[in-house]
Each structure stands twice: as C-alpha cells, then as structure tokens.
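Trainee: My structure is below; once you've seen it, I'll send some questions.
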Amino acid sequence: MTAGRPRQFDYDEALDKAMHVFWQKGFEGTSMPDLTDAMGMNRPSIYSSFGNKEELYRKALERYSERSFAIFKDKLSAPKLRDAIEGLLCGAAQQFSCGEKMPKGCMAVQGGLVGSDDADGACEQNTAQREAMMKLLQDRCKQGVSDGELPPGTDTKAMARYISTIINGMAVQSAGGVPGKELKAVAQMALSIFPA
C-alpha cells in the first residue's frame, strides 16, 4: 500500500485564517490549538509552511498591514486634508465595528496591548506597523501646512499622534463592544480641531 499524496492547502487562505485568530485573540492569547483548528492544519504542517508561532504572527501582521496601508493611503489621498482625515476616522469607525466578516478592532493594536518577554518580537512588530501609519499621517499633515489648510508652525507630529491615538482608541473601544454609531460620533468630535 502506498502512502497518499500530502493534502494540498491554500497558503493565502490559511494565512488569512491565522490572521483572524491573532486579530481576535492577540499574539499571547492565541494558542497553537487555536491555530490548528482555524487553519485546518496540524502543527508540523504549520511549522513547515509558516515557521513558529511568532513567524506566523509576523506573516499574518504583514498581510493585515498591506491591506490596512492600502485603505489608509486611499483615504489620505483626498485633495483636502479635512476630507482625508474625516474619511480615515469614519472609515476606521466603520471597519473596526463591522465584526461579522472580520474581528472587531485592529490587529496591530489587539496584538500588542500586553505581552510577556516572550512576546517582545510581536510587540515590536505591532509598534513598527503603528509608527509607519503615524508617519503617513504626519506627511499628510505637513502637506496640509504647505497647502495652507493648517497654519504655519503647526506641530504636525503632535497632530498625527493625536489622530493615530483616536484611531487606536476606537480600535480598543470597538473590541470592547462599543457600537459603530458611537465610534462615528467620536470621529466627528475629533474632526472639530480641523478648519471646516
């Protein structure tokens, strides 16, 4: 009797499933049995295809970040700064609270809120992802100063940090069950700092 062929799997689909588990439970809250159940793979198959848990997390976060960055850049490309920030904040409120097709909140926030020394690598990856988005925000705010939409001398770093703090806070609130309607109200309040 010959051995059967190894079961084929869809790499991208398996990675998406892992991403959703990490997104929902965070890096440390996710166990290998959680991953094997969600991905439909045994441990040796996961290790040979994706590496250890931290390597799998890194790949899942990269997948999440690629998608998030595409949306982020699209929102920030609006011609007017206020419209760009409004699209970003309201879009985040909607995305964070969708909850039916995707977990609530933000994977980069959920994955790095707490962690032991064993999770340092994952926490650093989350921080790097959030800081990259912060840089995009700061660059867009600088453009707003150049375009005359913000006063000369505006602290664009503080403004970008303010916006990213609102977005991260909405992600945490969403994961805690705050409905999208309330998150949109927060987004609208945050917009009050920008000239109409």
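Bear in mind that the values in this text are calculations on the coordinates, not laboratory data. Since the structure is predicted, the reported quantities are computational estimates derived from the model, not experimental observations. Cβ placement follows ideal geometry from the backbone for every residue including glycine, while neighbour counts extend to all protein chains displayed.
Trainee: For the chain, with a Gaussian network of springs between Cα atoms less than 10 Å apart, report the residue from F69, F96, F27 with the top mean-square fluctuation.
Mentor: It is F69.
Trainee: Shifting gears a bit: Rounding to the nearest 20 debye, state how big the charge dipole of the stretch 11-193 is about its Cα centre with +1 on each Lys and Arg Cβ and -1 on each Asp and Glu Cβ.
Mentor: Computed about the Cα centre, the dipole is about 480 debye.
Trainee: Between E182 and F9, what is the FRET efficiency for a Förster distance of 41 Å, r being their Cβ-Cβ separation, to the nearest 0.05? Don't jump to the answer; show the numbers that get you there.
Mentor: Values: r = 40 Å, r/R0 = 0.97.
Efficiency computed from Cβ-Cβ geometry: 0.55.
Trainee: Also, quick follow-up: Most exposed first by the Cβ proxy, i.e. fewest other Cβ within 10 Å, how do V186, V21 rank?
Mentor: On the way: V186 18, V21 21.
Ranking V186, V21 by Cβ neighbours within 10 Å, fewest first, gives V186, V21.
Trainee: Just G26, G87, G105 to compare: in a GNM of the chain, with alpha carbon springs under 10 Å, which one fluctuates most?
Mentor: For the chain, modelled as a Gaussian network with Cα springs under 10 Å, the answer is G87.
Trainee: What does the charge count around K80 come to, taking other residues whose C-beta lies under 10 Å from its C-beta (Lys +1, Arg +1, Asp -1, Glu -1)?
Mentor: Net of charged neighbours comes to -3.
Trainee: Identify all lysines with a Cα-Cα distance to K25 below 29 Å; exclude those on the same chain that are fewer than 8 residues away in sequence.
Mentor: Leaving aside lysines fewer than 8 places away in the same chain, those within reach of K25 are K17, K53, K59, K73, K75, K101, K104, K135, K181, K184.
Trainee: Related question: Estimate the FRET efficiency between D147 and N42 by the formula 1/(1 + (r/R0)^6), using the beta-carbon distance for r and 45 Å for R0, to the nearest 0.05.
Mentor: The formula returns an efficiency of 0.25 here.
Trainee: Which residue, chosen from T156, L137, C90, occupies the Cα position most advanced towards the positive end of the dipole of the chain, where the dipole is computed from +1 (Lys, Arg) and -1 (Asp, Glu) charges on Cβ about the Cα centre?
Mentor: C90
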